[in-house]
Amino acid sequence: MAMNAKRKTAKKSASTADQGTSRDIGSRWTFLTNHTHVLGVLYSEPHLVLREVAARVGITERAVQRIVQDLEEGGFIQRERVGRRNQYTVLTNESLRHPIEAHRKIGDLLKLIKTYPR
């Protein structure tokens with residue numbers, strides 16, 4: 001009996017989360033990945049420290065570090081040391097990774113999500 005009550009509570013919590021506002025990003029799925037969000041922030045503000053990128057995307061700094069490492073190893077960004085900080089360059093002419101979207105470039109994606117001021 002207690003197990004059924006827990007399941008009902010879990011279902012109710014899940015449906016409530018689905019009805020959240022756009023500010024409740026942590027409880028809802030989105031069409032774009034955190035990799036895309038980090039890439040967009042770095043493109044628009046290449047001088048930001050990763051702590052600030054994490055705050056804007058809404059994930060941990062460690063998650064941003066892993067994503068930046070993925071993007072750098074994948075050849076999608078370049079990191080340059082400027083004084084005590086890193087500055088990032090997004091390589092907009094690189095193709096997207098998945099075969100379905102490989103005919104498009106990173107720059108095409110960034111234009112699509114033109115919420116970034118660059």
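Every number here is computed from the coordinates shown, using simple stated rules; none is lab data. Please read these numbers as outputs of a predicted model, since none were measured by experiment. Note that we place each Cβ from the backbone using ideal geometry, even for glycine, and neighbour counts take in every protein chain shown.
Considering only the other residues whose Cβ falls under 13 Å of the Cβ of His103, what net charge follows from Lys and Arg at +1 and Asp and Glu at -1? All intermediate terms of the calculation are to be shown ahead of the outcome.
Details: positive: Arg97, Arg104, Lys105; negative: Glu94, Glu101, Asp108.
That sum, taken over residues with Cβ under 13 Å, equals 0.
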Legend entry - Relative contact order (percent, whole number), region 32-118, Cα cutoff 8 Å, 6+ residue spacing: 26
Legend entry - Simple label model, 7 Å out from Cα along Cβ direction - Ala63 to Thr30, nm: 1.0
Legend entry - Sequence of Leu39, Leu109 once ranked by neighbouring C-beta atoms within 10 Å, starting from the fewest: Leu109, Leu39
Inset, instruction - At 7 Å along the Cα-to-beta-carbon direction for both Arg85 and His98, put a label point, then send me their distance in nm to one decimal. - result: 3.3
